1. Of Ser812, Ser653, which has the most accessible area and how do the rest follow, probe 1.4 Å?
2. According to a simple spin-label model (label point 7 Å from Cα along Cα-to-Cβ), what is the distance in nm between Glu43 and Glu544?
3. Taking only Cα atoms of the stretch 71-152, what ratio of Rg to Rh do you get with Rh as the Kirkwood inverse-distance radius?
4. Among Lys12/Lys102; Lys548/Lys732; Lys446/Lys741, which pairs are too far apart, with a Cα-Cα distance over 23 Å?
5. Using just the helices of the chain, give the 222 nm mean residue ellipticity in deg cm²/dmol: DSSP H runs with n ≥ 4 each add -39,500 (n - 2.57), and the total is spread over all residues, rounded to 500.
6. Between exposed chymotrypsin sites (Phe, Trp or Tyr not before Pro) in the chain, where DSSP calls loop and at most 14 other Cβ atoms lie within 10 Å, what's the longest gap?
7. Would you mind calculating the relative contact order of the stretch 540-611 from Cα pairs under 8 angstrom and at least 6 residues apart, reporting the percent as a whole number?
8. Output the relative contact order of the chain, whole-number percent, from Cα pairs under 8 angstrom with separation of 6+ residues.
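The values are calculated or read from the model by the stated rules, or taken from the named source; none is laboratory data. From a predicted model like this one, the values you see are computed outputs, not experimental measurements. Neighbour counts are summed over all protein chains in view; Cβ atoms, including those assigned to glycine, are modelled from backbone coordinates with ideal geometry. Quick note on the areas: whole protein, heavy atoms, side chains included, nothing else; ligands and nucleic acids left out. Shrake-Rupley method; radii C 1.70, N 1.55, O 1.52, S 1.80 Å.
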Amino acid sequence: MTKQVTLTIDGKQVTVAAGMNVVDAAKTVGIDIPVFCHHPKLEPVGMCRMCLVEIGRPMRDRATGQIVMENGAAKIQFMPKLETACTNKVEEGMVVLTQSEKAKDGQRGTVEFLLTSHPLDCPICDKGGECPLQNLTMAHGPGKSRFLFDEKYRLGKAIPLGNLIVLDQERCIQCARCIRFQDEIVGDSVLGFDDRSRGMRIMTSSDPGFDSVFSGNTTDICPVGALTTRDFRFEARPWELESAASICTQCPVGCNITLNTRREARAQGDFVIKRVMPRQNEEVNEIWICDKGRFAYHYTTSKRRLTRPLVRKKNPSTSLRAGEERFPRASWDAATKAAADQFMAMKKDFVILASGRLANEDLFNLKSLAYHAGGQAYLYSHIGGGEPTTLVGVGAGTNFGTMGPETAIVVVASDLYEEAPIWYLRVKQAADRGANLIVLNPRETKLDRFASYVVRYAYGDEVKAVQDLGRKSRISDAFVNAQNAIILFGSDGLGLDGTASLASACARLLFDTEHIGKPNNGLIGVWERANDQGAWEMGFEVAEDLPKALKGKAVYIVGADPVGDDPKLAKALETAEFIVVQDVMETATTEIADVVLPARAFIEREGTLTSGERRVQRFYPAVPPVGESRADFSITSQLARHMGIVLEGTSVSAVFEILADSVKSFEGLTYAKVSEVKPQWPIVGRGDMYYGGTTYENTLGMGAHLTAAAGRGETVRIARVQREAAPRPKEKELLAVPVNKLYDRGTTVMMSADLLRDRIGGPMIALHPEAAKNLGLEAGQLVTISFNGISGDATVKFDETISVGVALVPRSMGLAIREPIPAKVRPQRGQG
């Protein structure tokens with residue numbers, strides 16, 4: 001138990017953990033001490049002096065060290081000057097006065113001093129309505145200034161710190177929250193102060209500017225309007241916005257978010273998303289979100305949204321008359337019946353290909369349809385190994401925020417910064433608290449700096465690297481002897497078979513070392529989509545040879561774009577007998593479909609998602625649906641009904657109830673259960689944004705964990721993995737290995753390209769400088785890379801941390817790579 005300390009604040013007795021500062025202690029009993037520089041997630045620095053209070057401590061006899069008593073109570077001695085509440089730790093018997101005239105004078109003086117050079121532009125400032133300086137000026141300010149307007153110090157306006165964040169130097173009050181966030185929380189010191197005194201200003205030291213995937217969080221914690229996002233700048237006033245709780249769908253972390261909406265004239269009076277904000281869940285994303293989750297939402301309002309069902313004309317080779325459509329409009333009944341009739345006629349060749357970005361309820365109805373129709377349900381993914389996570393995956397009580405010296409965390413074949421940024425933050429902070437972080441990867445990643453141990457292996461030796469953790473060594477001891485152990489496995493440099501073998505090796509290691517079936521122990525897959533874990537739990541499989549699985553079949557594709565992703569899949573689908581595509585947007589795959597069914601985006605409906613940590617979380621509708629679109633589970637239900645199969649299609653909560661009764665890991669879960677909340681620290685909310693920032697408090701659900709077989713006490717059997725021959729590049733060849741990039745050229749990201757263009761970039765490959773030299777190539781040169789019958793253009797980048805015989809090829813960037821494969825790289829004509 002942490003030692004407890006009792007003190008008195010404004011006459012109220014407070015008992016808190018020793019080591020807590022006075023500001024935070026006061027917050028626990030509802031006493032708000034005004035702050036600007038202090039933030040409960042950051043180390044106190046006492047820079048702004050806004051939290052000045054009177055602090056008295058029990059007087060001690062200098063000779064004996066005993067507390068001096070007076071009238072039966074400890075005699076309290078106050079310091080002659082005010083003290084900062086953020087930098088002073090609580091002490092037994094301490095007395096704090098936050099509302100005395102002396103304290104009020106100090107707070108009033110601080111506000112007046114800050115306003116001496118602050119511009120009077122509240123009416124046009126984006127922070128207006130949620131501005132701590134504005135609020136605290138009203139509560140604690142002098143009412144009028146004794147300084148002349150002409151004496152205000154002038155600095156730059158609308159200075160781009162990067163391509164996403166804009167700085168107004170005049171508004172900055174030098175609290176350093178943004179600098180400290182990047183330094184302490186993120187571990188990337190890309191911001192700093194330049195100059196001194198009144199001329200001191202924020203500057204960026206990185207190239208490109210403000211090079212961080214967490215930059216948007218600085219606008220949340222900035223106590224003034226100094227930092228704003230390009231996306232929201234001058235777009236709306238905070239008091240005009242409605243809010244809806246949701247879950248980010250960009251990666252497997254499952255960050256809790258709030259969608260701010262407003263009616264928009266340019267949208268014909270409809271509600272539209274104006275910004276995405278973090279929603280507190282200390283067990284998932286705390287109060288942070290990454291920039292991809294914050295800004296990559298514009299696809300939901302794209303002109304490429306599907307709005308009505310379409311059925312292709314029966315003879316597409318016939319030339320069209322003037323005004324005639326290849327895809328004439330059809331009713332929902334006609335479109336779903338056309339699909340159902342073909343699926344019924346080809347029952348033995350019926351295949352469902354579903355994306356992990358679908359909700360649990362959607363996936364369950366699709367799996368049920370495949371089961372009752374005698375078809376096959378495949379998950380559209382390049383990552384295998386889902387089954388071991390259902391056996392020894394993490395469960396109830398698992399929380400990166402509670403991990404410390406007793407925990408070993410292994411990250412293998414994954415660059416968390418690029419694949420699951422908030423997990424990167426959480427793992428990094430666990431390492432800061434003393435957790436033994438072991439990073440296994442063939443190349444350098446940002447997480448290496450915070451690791452206790454870094455192990456480099458050659459691409460193809462992932463299984464060996466994991467198995468070596470079970471053999472006697474210093475690194476092995478750190479893992480085997482740990483009270484708790486977590487392994488996160490990814491797909492860096494791996495394809496389907498490689499990730500499946502890696503997952504099994506990780507599961508076997510956890511099983512052998514008895515790190516399963518209890519909180520803060522188990523296996524986590526770093527999946528490519530938000531609900532891949534949910535699909536695995538429901539029994540979806542990944543086809544070992546997907547092109548072969550699709551050839552000549554009747555294919556029901558939901559939420560995926562295989563034609564746009566991979567030429568081999570496009571060729572395979574050319575042979576398909578019948579194709580139904582159900583999606584949010586027009587894609588290359590909808591172009592070849594026989595029937596197109598418009599689905600609602602996640603912002604237009606409710607449902608649940610299962611994160612990589614196996615936490616089921618609920619999301620809610622924020623805006624009305626587009627056109628005639630419907631929720632995926634409902635569309636599948638209507639289609640199934642034409643096939644004589646009854647699936648729930650009206651109530652999403654009813655589908656979840658059936659799911660919970662059917663899938664063992666979901667047993668006991670209900671919408672009410674996943675919607676439960678509990679007290680969280682720090683206490684944040686929109687009522688006192690000067691303390692925690694503009695993040696939203698969580699009132700609509702923190703989610704609930706699934707159970708794993710090990711956690712249920714079931715017998716778990718995991719076969720030992722046999723090492724296979726690792727791929728090695730031959731002479732005059734490079735081994736092209738797939739890696740993951742946060743800002744890829746996927747459909748949802750490209751719709752925000754105007755905002756994220758500098759982050760996305762074009763097709764590229766990374767080579768070791770020596771390999772480039774051998775090929776006569778230079779950094780930035782345009783080359784042609786060829787592998788597996790596919791070739792494409794790419795720009796060369798150098799990476800000194802990789803092997804000479806390797807070429808890194810990012811996925812979803814225009815080059816369709818799914819697994820390690822020999823490749824040839826040659827300069828384009830006229831360039832070498």
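1. Ranked from most to least accessible, the order is Ser812, Ser653.
2. Simple spin-label model gives 5.4 nm for this pair.
3. We get a ratio of 1.11 for the stretch 71-152.
4. Table pairs above 23 Å Cα-Cα are Lys548/Lys732.
5. That calculation yields -6500 deg cm²/dmol at 222 nm.
6. Working: sites that count: Phe147, Tyr153, Phe234.
My reading of the result: 235-832 is the longest stretch.
7. Result for the stretch 540-611 is 27 percent.
8. Working: 1850 pairs, mean separation 105.1, N = 832.
Once normalised by length, the contact order is 13 percent.
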